[in-house]
Structures are given as structure tokens and as C-alpha cells.
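Everything on this sheet refers to the single structure shown next.
Laboratory data are not the source of any read-out in this text; all were calculated from the coordinates shown. This one's a predicted model, so the numbers in the text were calculated from it and none came from an experiment. Note that we place each Cβ from the backbone using ideal geometry, even for glycine, and neighbour counts take in every protein chain shown.
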Amino acid sequence: MTTPLHYSDVEQAAARIEGAAHRTPVLTSSTFDARAGARVFFKCENYQRMGAFKFRGAYNAIARFTDAQRAAGVLTFSSGNHAQAIALSARLAGIRATIIMPKDAPALKVQATKEYGGEVIFYDRYTENREEIGRRLAEERGMTLIPPYDHPDVICGQGTAAKELFEEAGELDVLLVPLGGGGLLAGSTLAAMGLSPACKVIGVEPEAGNDGQQSLRRGEIVHIGVPDTIADGAMVTHVGEHNFEVIRRRVDDIVTVSDAQLVETMKFFAERMKMVVEPTGCLGAAAALHGVYPVAGKRVGVLISGGNVDLSRFAQLVGA
Ligand SMILES: *Cc1c(COP(=O)(O)O)cnc(C)c1O
């Protein structure tokens, strides 16, 4: 069982992360507006500390640790951005961090995690269960496990990005949110409930892994195999339980975009807005740019979730 989360939990998270997390810019592009036929507000979490919104949830979770938890440290599993977020938040809090990462995680993300002082332990994402490894290590070492999305404090921390967007742009008709395990989507949903109750909240996931869409339609969490997509931040096999509890209550729809549409969107951001956005960070924008979700004539919020992509990989994707 999970306890219901509310907008007030996001407000409390916002107070905790204030001064530690950046208040990221909200940008607009008249070219994008013209193509989408809408007024679009981009919340640019690619400019967040460590390059993605995940700093918000990680910092919020660690900020709530007791002295005993702080003494033993924090442990997590992540294919990238959450790993960096935990490593950086732990360093700021002066506690130890152990991160379980897939062997094939992007080199940039592994390197950054180590640079922030995290101890990295590798696993094989195709044959080993990271949640099991995480639970076993947490028990052996007495460390507190903060998973990448299925945790109330992580969800509420992530919700502070959409909270800031509504505060700056005002009420919106539609909010498009990248979806992996559902931390950002569930948190954004709570923010919309508090600040823009009529706003339609839409999750966007890669076509190759539409488990969220299937779950919303069936009313229960659907598990799939590891999706084959360039959106490495959304390569999850199922949404979290705490996440789905919020998503099923209030998310209006979940749509999917193709890898080709993500690449087109990356190119748009680089060319027109001079921004580096990682493939997963483009999910929400791709849905608006390619008419996957109808936004014509609407005031639309788009969460750009992150910008961490190897430069050579970026060049390879946008250069073709
Ligand atoms: C983790 C991540 C996502 C997905 O977030 P969830 O909370 O797992 O749904 C989207 N974009 C980026 C850049 C991420 O790092």
C-alpha cells in the first residue's frame, strides 16, 4: 500500500531544495510555436545541476535522512542521471554514496558519477536484477536505498520542476512530460493538481517501450522487456507503484514517439535554440512538434528533462 501524495508534499519538497537546486529557465521559440501551432513554454531542466531534473528528487530524499541514515550513506541503482543526482546530492550532504549501474551505461554518465565521488558497481541489465542487487547491498551495508523513481520523496522532488513552470507561465492547457519510471510524470501531476487543475497532463514515452501507455489503459502496471530506444533515460520495463498510484488518478493520456522523431527534435533544439538536449529529454517536445498529441491553439508546457549526452553520440545522432 502507498500513502496518497498531494500538492502540499511538492511544496514541502520545494522548500527543502531551495538554494541547492537551480531554478531553471523557461524558454520559448516562435519557430517551434509556428510549427506546433501553439504557445509552448519549455522548462529547461537540461540546465539543472548535473544536467537533469533528477537532482531535485535525489536532493529532496537525502535532505530527509536521519542522522543514523546519514552515517551509513545512500545506495541506488540507475542507468545514469539518477546516479549522478544521488552522487552529487550525497557529496553536498557530506555522506557516502554507492551506485549500481548497467555495464552499458553512457560513458559520460558513469564518469560524472565517479567524479561526484560515487562508488560505482556494475551489473548486466539483460541478465541481472538491479533491484535485487540493490536490496541485498543496502542490507549488507546498512545504507538507505533511494530508487530512481518509485519513492514518494523522489516523486515530490521531481514535481518541483512543473511547480516552477506553472508559477512562471501561469495555468496551461496541456503539459507534456517525458516518461520512464514515472517520477517526473507523477510529480508533475501533483504540481498540476495544485496550480493548474484544468491542465491536461500527458506522459510521453518511446514507441519501443509503451508500458506506461498499456498500464494506463489497463488500469494496472504492465511489465515489458528492456526497450530498444535511443532514449536511454526511459529504458525501463515498468512504471513504479507509487508513481502509478498518482498517474492513474489524474494523468489524461500517455502517447509515444519514435526514435526518428526524437532525433528531429534534438536537431531542432540544437539548430534553432542552441541547446543540447539528450534523446530522452526530447520526448515531450517531440510529441508537440510531430502532432502526436494535438496542441493546436493551446498553451502548452513541455518539460525538457535533461541534456546529458556524450558529445560524439550527439554528433552522430544530429549529424546524419
Ligand atoms: C530519468 C529521466 C527521465 C524519466 O524520468 P522518470 O521519472 O523515470 O519517468 C526522462 N528524462 C531524463 C533526462 C531522465 O534522466
Only one of Gly194, Gly209, Gly181, Gly219 that is in contact (Cβ under 8 Å) with a residue 24 or more places away in the chain and at positive phi: Gly219
Filter result for Gly212 (in contact with a Phe, Trp or Tyr (Cβ under 6 Å, 6 or more places away or on another chain) and within 11 Å of the ligand (Cβ to nearest atom)): no
Those helices (runs of 4 or more DSSP H) lying entirely in segment 40-94 with at least 1 residues near the ligand (Cβ under 10 Å from one of its atoms) and either in contact with a Pro (Cβ under 6 Å, 6 or more places away or on another chain) or on the phi > 0 side of the Ramachandran plot (or both): 81-93
Selection within segment 111-130 - part of a helix (DSSP H, G or I) and more than 14 Å from the ligand (Cβ to nearest atom): Gln111, Lys114, Glu115
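Hey, among the residues in segment 95-110 that are in a loop (DSSP other than H, G, I, E, B) and out of contact with any Lys or Arg (no Cβ under 6 Å at 6 or more places or on another chain), which one's farthest from the ligand (Cβ to nearest atom)?
Filtering first and then ranking leaves Arg96.
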